[in-house]
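Rule-based calculations on the coordinates, nothing more; no lab input. From a predicted model like this one, the values you see are computed outputs, not experimental measurements. Don't worry about glycine lacking a Cβ; one is built from the backbone with ideal geometry, like all the others, and counts go over all protein chains shown.
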Amino acid sequence: MLEDPDELAVLEEIQQELILQEQSVIEEYERSLRFDEECLNAMLDSLEATDRVICPVCRKNNLTVKAHLVCCQCGLYISTQDMTEGKLRSLLESSLTEHSQRCLHSPEFTVTSGMEEETSLLMSCPVCDSWMILL
């Protein structure tokens with residue numbers, strides 16, 4: 001037991017400093033959490049605000065979708081009829097969902113040249129040996 005009042009005063013002072021440091025660390029952590037949450041919410045808001053479709057071939061760039069054309073900076077260029085980003089997103093989502101019900105592997109997307117030099121978007125899976133022409 002400490003009986004010296006000076007030693008007790010020093011220990012109490014150290015304890016108070018440690019409590020203040022702990023409170024400071026907790027406040028900084030809470031500020032960091034709020035900042036991270038604000039950043040995440042801003043990113044989610046921007047994703048929801050932009051109704052963009054990421055290219056399934058390169059998985060990097062957004063597709064440009066016009067009524068008669070789907071293209072990407074990676075070189076994907078496919079003629080279409082009455083296509084919108086919503087229709088294309090729905091087509092990709094339903095095709096992926098249908099495939100995932102039969103196979104756990106992720107399919108690959110490629111651009112192929114078909115009859116009369118028309119290009120098509122092909123979804124294929126080397127694991128279950130399935131393929132589907134999407135566009």
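Structure above, values below:
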item	result
R0 of 41 Å, Cβ-Cβ distance C74-F35: FRET efficiency to nearest 0.05	0.75
Relative contact order (percent, whole number), region 69-135, Cα cutoff 8 Å, 6+ residue spacing	25 percent
The chain, relative contact order [Cα under 8 Å, separation at least 6], %	13 percent
Value at 222 nm in deg cm²/dmol, rounded to 500, when DSSP H runs of n ≥ 4 in the chain each add -39,500 (n - 2.57)	-17000 deg cm²/dmol
Cβ crowding within 10 Å averaged over residues, with 102-113, 69-80, 10-21 ranked highest first	69-80, 102-113, 10-21
Inter-centroid distance (Cα atoms) of region 1-30 relative to region 90-135, Å	64 Å
Angle between the chain longest axis and helix 85-102 axis [Cα atoms, degrees, rounded to 10]	80 degrees
Structure-derived percent of Cα pairs over 17 Å apart: which label, when the choices are (1) 56; (2) 79; (3) 72	(3)
Rounded to 10°, Cα long-axis angle of helix 5-49 versus longest principal axis of the chain	20 degrees
Using a Förster distance of 41 Å, the FRET efficiency for T119-L20 (Cβ separation, nearest 0.05)	0.05
